[in-house]
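Laboratory data are not the source of any read-out in this text; all were calculated from the coordinates shown. Everything numeric here is computed off the predicted structure, so don't read it as measured data. Cβ placement follows ideal geometry from the backbone for every residue including glycine, while neighbour counts extend to all protein chains displayed.
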Amino acid sequence: MRIILMGPPGAGKGTQAKRLVDKFGMAHLSSGDIFRAEKAGGSALGQKLAEYMNAGQLVPDEIVVEIMAKAITSCDSPAGLLLDGFPRTVAQAEALDAQLDQAGKSLDGVVVITADEDEIVERITGRRSCSDCGKVYHVKYLRPQNDNLCDKCNVQLVQRADDTEGVIRQRLAAYNLQTEPVIAYYRGRPNVQTLFVNGTQPPDNVTADLVQGLEQLKTEM
Ligand code: AP5
């Protein structure tokens, strides 16, 4: 399966992507994780990415497409691919189409996790993650066993630089304006299924709906 996972910031894409990869075994590519790793490395490209990310703006398409095209080429496997956070504009979707066409590959589904704005702000301001393994927690909804320490690595949890309320509002505006049209771009394509899952349920229920939807998609492929 080659799947795009979409949804507003804080909808639960990262949380659910890890669970889907455990269940279905496909490769997982998160544009946000790739960009944060580049930022953390302190390269000139990382500093450029930080300017946009810390302001809650989308990184320009030409930079995104170049980075993601390389990542997809090196990552796409027979077990499939889960793209999380890419494409996020219609121009990025067109570039992905061209890359897949050229490689004789195709997309199977677009999965959209929905969530409302107030819940998103609460989730993102309460998000903490492990600086070592990247595991994501929430101060209220997905608490670590020991206060502010990762259950797996036992290191301090950290908050992302773009997880402040002001920046979240900007990220939401970018999603509504630039990313929502990507759903319409794919909808109605004969060989691409579009699946909407209610992300405001408890995490295990969201996972159950996603697994059921993807199992169904697999049988129809
Ligand atoms: P990115 O890293 O992709 O961030 P995002 O899309 O804003 O999504 P998040 O990572 O904030 O949220 P999520 O949906 O993964 O939620 P999570 O599972 O963590 O992008 C960051 C930036 O990079 C962008 O703003 C942009 O600048 C740039 N960028 C990236 N890709 C780009 C592209 N293609 N083009 C241009 N620029 C790009 O969950 C959130 C919290 O809620 C967690 O604490 C979690 O524990 C909790 N939670 C999750 N599910 C539930 C639930 N069901 N109930 C209660 N709590 C829950």
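Report the FRET efficiency, 1/(1 + (r/R0)^6), for ASN198 and LEU177, where r is their Cβ-Cβ distance and R0 is 41 Å, rounded to 0.05.
Working: r = 23 Å, r/R0 = 0.56.
The computed FRET efficiency comes out at 0.95.
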*Lys pairs, the chain - Cα-Cα below 14 angstrom, 8 or more residues apart or on other chains*: 5
_Cut-off 10 angstrom, C-alpha nodes, Gaussian network model of the chain. Which of ARG189, ARG123, ARG88 fluctuates the most?_
ARG189
_Column: log10 I(q)/I(0), Debye, Cα scatterers of the range 147-193, q = 0.26, 0.31, 0.32 Å⁻¹_ = -0.91, -1.04, -1.06
*asked:* Given the range 57-166, report the % of alpha carbon pairs whose separation exceeds 20 Å.
replied: 58
*So what is the 222 nm mean residue ellipticity for the chain from helices alone, if each DSSP H run of at least 4 adds -39500 (n - 2.57) and you divide by all residues, rounding to the nearest 500 deg cm²/dmol?*
-14500 deg cm²/dmol
*Full extension from ALA208 to ASP132: what is 0.36 nm times the residue separation minus their Cα-Cα distance, to one decimal in nm?*
24.6 nm
*asked:* Give me the net charge for the shell around ARG2: Cβ to Cβ below 9 angstrom, other residues only, Lys and Arg +1, Asp and Glu -1.
replied: -1
*Shape call, the range 4-129: gyration tensor on alpha carbons, a/c limit 1.5*: oblate
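Normalised by the number of residues in the chain, what is the relative contact order in percent for Cα pairs under 8 Å and 6+ residues apart? Provide the component values of the computation, followed by the final result.
On the way: 314 pairs, mean separation 65.0, N = 221.
For the chain, the relative contact order is 29 percent.
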*Treating each Cα of the range 23-62 as an identical point scatterer and ignoring solvent, apply the Debye formula and state log10 I(q)/I(0) at q = 0.25, 0.27 Å⁻¹.*
-0.81, -0.90
*Compute the convex hull volume of the Cα atoms of the range 100-144, divide it by the residue count, and report the result per residue in Å³ as a whole number.*
147
*Mind listing P(r) for the range 108-221? All alpha-carbon pairs, 5 Å bins, whole percents.*
2, 10, 15, 16, 18, 17, 12, 7, 2, 0
*Can you pull the Kirkwood radius for the chain, inverse mean 1/r over Cα pairs, to one decimal in Å?*
17.9
*By how many nm would the segment from ARG160 to ARG187 lengthen if fully extended, with 0.36 nm per residue of separation less the alpha-carbon distance?*
6.5 nm
*GNM flexibility winner over the chain from GLN145, GLN92, GLN178 (Cα, springs under 10 Å)*: GLN145
*Can you sort PHE86, PHE24 so the residue with the fewest Cβ neighbours within 10 Å comes first?*
PHE24, PHE86
_Using a 7 Å offset from the Cα along the Cα-to-Cβ direction at both GLU94 and LYS140, what is the distance between the two label points in nm, to one decimal?_
4.2
